Amino acid sequence: MAAANHSPSSPYSCAKDSGPVTPTTSLVTFLERVQETAFQTYERSKFDHKDFIDLSLKFDLSTTVKALDEISKTENGSVSTKDFEEFIGKWFKSAGEDLVYVEPMDFETEPYGFLPKVENPEVRAWALEVHGLWKKLSREVSSSVHDHPELHTLLPLPVPGMIPGSRFREVYYWDSYWVIRGLLASKMHETAKAIVTNLISLLDTYGYVLNGARAYYTNRSQPPLLSAMVYEIYNRTGDVDLVKKALPALLKEYQFWNSEIHTMIIHDAENCNHSLNRYYAMWNKPRPEASAIDKRFASKFLNVNEKQKFYRELASTAESGWDFSTRWM
């Protein structure tokens, strides 16, 4: 895949951001406002922007918006920590409550033939401890998400699966490839197939596999490893039915990555053309999951088009799977 930024031969000019933008939901827009309020209320060291975009509503959106409008403010327009925390407790369910623990269908404490070449008892004990983490990471989407999707940023998925853990409470696309590699080592073939089923569900619904199973990730994908997942499972299980089930979805994903916005022509020194694919998020605003932070980084840009280009490149970098860390500083 090509880099996230533009090139002279790309279909959109660097000077003006004119690429596509996928509409977001009213709930996501409102939760960005809640996130901004949290950012102003808490010390930055105590603030995790994702916690607030992952909240679920206890009541309908319009009622909750009105409650935020009516919350008491100080003379400078800020909200006290006490009032904000009372507001969150009254009107929202905690982030992560819309996922339910479920026992993995094919987990065994020590699977038959597990890591046969690992003979050292200490290393083997460690490997089994790592294997045991599958029981802690297994989740399914709660019935509330299926019955009232308008109250959640979490998206409904048909079957249980594995989450990365920690603050990442939802299924992610390219993380799932490594999860599946681990599940196959743990002989958990059915759970691995279930993950593919969930990703195909996203692909069938949106036309591409989302970055993650959240309403705020509908503007981008991630490295297209679904075919590699199917290949790994088939190599281990010989499941032809899975391949037949996945093929229409894989063709659809291939078309997505070869659509106009994701393809570009590179001219080499010998004047030969090469067609490449690139990461290019369908978004030119702050990433909802990091909206408050992105706005502050973009504040140095005075031109609207420069800000939009910066926002799209942030989202495109996230689409590439290269999460931001000290490597960028």
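Our helix-only sum for the chain, with -39,500 (n - 2.57) per DSSP H run of n ≥ 4 divided by its residues, gives a mean residue ellipticity at 222 nm of -13500 deg cm²/dmol. For the chain, the extents of the C-alpha atoms along the principal axes are 67, 59, 39 Å, listed from largest to smallest. Averaging the sequence gap over all C-alpha pairs within less than 8 Å and six or more residues apart, then dividing by the number of residues, gives region 262-328 a relative contact order of 30 percent. The slack between L251 and F168, meaning 0.36 nm per residue of separation minus the straight C-alpha distance, is 27.0 nm. Residues in region 67-81 carry Karplus couplings, in order, of 5, 5, 4, 8, 5, 5, 10, 7, 4, 8, x, 8, 10, 5, 4 Hz; the curve used is 6.51 cos²θ - 1.76 cosθ + 1.60 with θ = phi - 60°, and Gly or Pro positions show x.
Using the charge dipole of region 262-328 (Lys, Arg: +1 at Cβ; Asp, Glu: -1 at Cβ; taken about the Cα centre), state which of F310, S325, P288 has its Cα farthest towards the positive end. Value computed over the given set: P288.
The charge dipole of the chain, taken about its Cα centre with unit charges on the Cβ of Lys, Arg, Asp and Glu (plus for the first two, minus for the last two), comes to roughly 560 debye. The packing ranking, built from the mean of other Cβ atoms within 10 Å per residue, places the peptides 235-243, 127-135 in the order 127-135, 235-243, highest first.
Taken together, the values in this text are just the output of simple stated rules run on the coordinates, not laboratory data. What you see is a predicted model; the values in this text were computed from it and never measured. Glycine gets a Cβ as well: all are built from the backbone with ideal geometry, and neighbour counts include every protein chain shown.
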